[in-house]
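Data block below; observations after.
All of the numbers you see were taken from the coordinates with simple rules; none came from a lab. Not measured: the values here are computed from a predicted model. Heads up, the Cβs are rebuilt from the backbone with ideal geometry, glycines too, and the neighbour counts pull from every protein chain shown.
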């Protein structure tokens, strides 16, 4: 019926509102308003960026080295776009995190000219799309240099709220834990005072980035040490549930990191995963036997994508690979596909025949016959 | 091995820079970590740091015996061993039900004072009197104090709940687990502020005047299982008429013995090959015509 070129006579009443907030862009898949996490390769993996109103949960690596970097990138991106920031941490002083955000760089240091990218040997891969560059003109996503920290002239005029648990109110209702209750109050007041809630009719000119560091660690409460049968988790799970409600109904995005390796009962992590929109896990090679494994020698850890949100669609974006790794170069952190390194040693004994793949039932015919025999 | 190169040496000589703010020292029923604890206390006293010592199981007089005389003025005790709940008197010296930062308040918040190190001798006893999360939080806050050089937490790793131990390891910048081996060894985890994490297993000896010496990386894990198996060797040897083991001389003699097939090998080998008329002997490449 309506072929290409036929314009539908139905039109939306009134002018469609184009929300123009610095540092955001609509998704090409589901027209959600997206924000960058600060790491272009992570934006690519989660479908272009973080949709406004969503929560990303990061399961920390054991020593919280790389997860802190993810949080810093997330906040630095907010600083560059003049977003409102809220950072909460009990494990480290929040000031220590904000004073050490990576400095922005406008040039990509490893930019290779297009001519040298012409593939002469693996020319068939020329047509394969590489990970698209997200650093397009409208400043969605920036490049950062981890060796330098952002100057105070950039961070000083940002509307930034830091929460270190020094002012606590008694918990109420399901949220018995003072820390969770007080933080939730702070976030709620902040959303209300700056009219970011979707229920308020004021035009939105900014978004709020919430960074919550190491939620559920021993310093927040003893939830991490309990089993499910103890019924002691509700402060933590209710907190995340109510946080999601707050974030969904406002112009805000939230990045939560949790020390999942401390949880005594793995069911707690499953509940938190169910409550978040995006869940990624960092598995650092630090101190594990994988550190010396030659397969992983170029990388610093495995990057597991546990959950991707399906927003305005039935299925989440489908990724073309399942194995991802992260790598900390001197200046930046990137997420890449895991490629096995080429086997260069000559002494290796290659066993060509895989004993498991041999058809067991046809043992009298012999293994070398083609599969489809023409009789 | 140079003492200053090993991590245990660095921690106990206090040459690790910056000093780990929270140090967790654990022992078990099989091995006692008091020697190491006193070594660390003496090291702090030697570098003009005041030490606030909260003791819960030994009386201060007993601990003072291990501290150098000339430095004992800089050591201040909080006696939680005597009357921790205030049952014997209305105003106990130390009530373990209070948060740690309140017990130690008047010293840690003193402005302009010198650096202090805080020792919590047997954390599990404090844990009986207060909630775990509160205890962990107060330890963390103590270590963040301006004039606090180091918080040393000493506990038995098999008597605190597993979640408590995980929480302590989470907040500790340096963890020293003393192992029941001979010679003494410990497993350490050192988390540097830069994010680097060092895991090591190091052997050491403790001199009678409480100095950590001869630190070196542990060669192999010589736990008590090994000594048990050597015991079974002794029992077996008593039941047989011949010797199962070799003495050192016998082992050298055995290794130097030339066996028959090795004698053949020492004379050098020859390859016998009869040339064939289809053999390709010249140097040019047989695949030269292929245009690759």
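Give me A:278, A:239 sorted ascending by neighbouring Cβ count inside 10 Å, so fewest comes first. Could the numbers behind the result be given before it?
Numbers: A:278 24, A:239 28.
Ranked by crowding around the Cβ, least crowded first: A:278, A:239.
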Could you tell me the center-to-center distance, by alpha carbons, between the range A:65-108 and the range B:37-58 in angstrom?
38 Å
Across B:129, B:261, B:170, the residue with the highest GNM fluctuation in chain B (Cα network, 10 Å cutoff) is B:261
Return, for the Cα atoms of the range A:201-320, the radius of gyration and Dmax in Å, separated by a comma.
17.2, 57
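Need the full-extension length gain, residue B:274 to residue B:207, defined as separation in residues times 0.36 nm minus the C-alpha distance. One decimal, nm. All intermediate terms of the calculation are to be shown ahead of the outcome.
Values: separation 67, 0.36 × 67 = 24.12 nm, distance 7.28 nm.
Length gained between residue B:274 and residue B:207: 16.8 nm.
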Based on the Cβ-Cβ distance of residue B:199 and residue A:265, what FRET efficiency does E = 1/(1 + (r/R0)^6) give at R0 = 22 Å, to the nearest 0.05?
0.25
Sort A:175, B:54 by Cβ crowding within 10 Å, fewest neighbours at the top.
A:175, B:54
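If R₀ is 41 angstrom, what is the calculated FRET efficiency for the pair residue B:144 and residue A:327, using the beta carbon separation as r and rounding to 0.05? Before the final figure, lay out each step's value.
Details: r = 33 Å, r/R0 = 0.79.
Using R0 = 41 Å, I get an efficiency of 0.80.
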Work out the mean other chain Cβ neighbour count within 10 Å for the residues of A:281-289 and drop it here as an integer.
1
Cα extents of the range B:3-223 per principal axis, largest first, Å, are 55, 37, 36
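Kindly put B:205, B:232, A:24 in sequence by how many other C-beta atoms sit within 10 Å of each C-beta, fewest to most.
Working: B:205 12, B:232 9, A:24 25.
So the residues, fewest neighbours to most, are B:232, B:205, A:24.
Restricting to Cα pairs below 8 Å that are 6+ residues apart, what does the relative contact order work out to for the range B:1-120? Please round to a whole percent. Write down the numbers at each step before the final one.
Numbers: 122 pairs, mean separation 27.8, N = 120.
Relative contact order, the range B:1-120: 23 percent.
So what is the calculated 222 nm ellipticity per residue for chain B, using -39500 (n - 2.57) for each DSSP H run with n of 4 or more, over all residues, to the nearest 500 deg cm²/dmol? Could you put the intermediate results ahead of the total?
Details: 11 runs with 94 residues, N = 292.
After summing the helix terms and dividing by the residues of chain B, the value is -9000 deg cm²/dmol.
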Antiparallel %, DSSP beta bridges [both residues in the range B:3-223], to 5
40 percent
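Using a 10 Å cut-off around each Cβ of peptide A:61-73, what is the average number of partner chain Cβ atoms that fall inside?
Values: counts 1, 2, 7, 3, 6, 1, 0, 1, 1, 0, 0, 0, 0.
Other-chain Cβ atoms within 10 Å of each residue's Cβ, averaged: 2.
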Of B:250-260, B:56-66, ordering from highest average Cβ density within 10 Å down gives B:56-66, B:250-260
Computed FRET efficiency, Cβ-Cβ of residue A:185 and residue B:48, R0 41 Å: what is it to the nearest 0.05?
0.35
Ratio Rg/Rh [Cα only; Rh per Kirkwood] for the range B:11-85:
0.97
Need the C-alpha centroid separation for the range B:110-179 versus the range A:222-291, integer Å.
25 Å
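Counting only other chains, what is the mean number of Cβ atoms within 10 angstrom of the Cβ of each residue in peptide A:210-219?
Working: counts 0, 0, 0, 0, 1, 0, 0, 5, 15, 9.
That average works out to 3.
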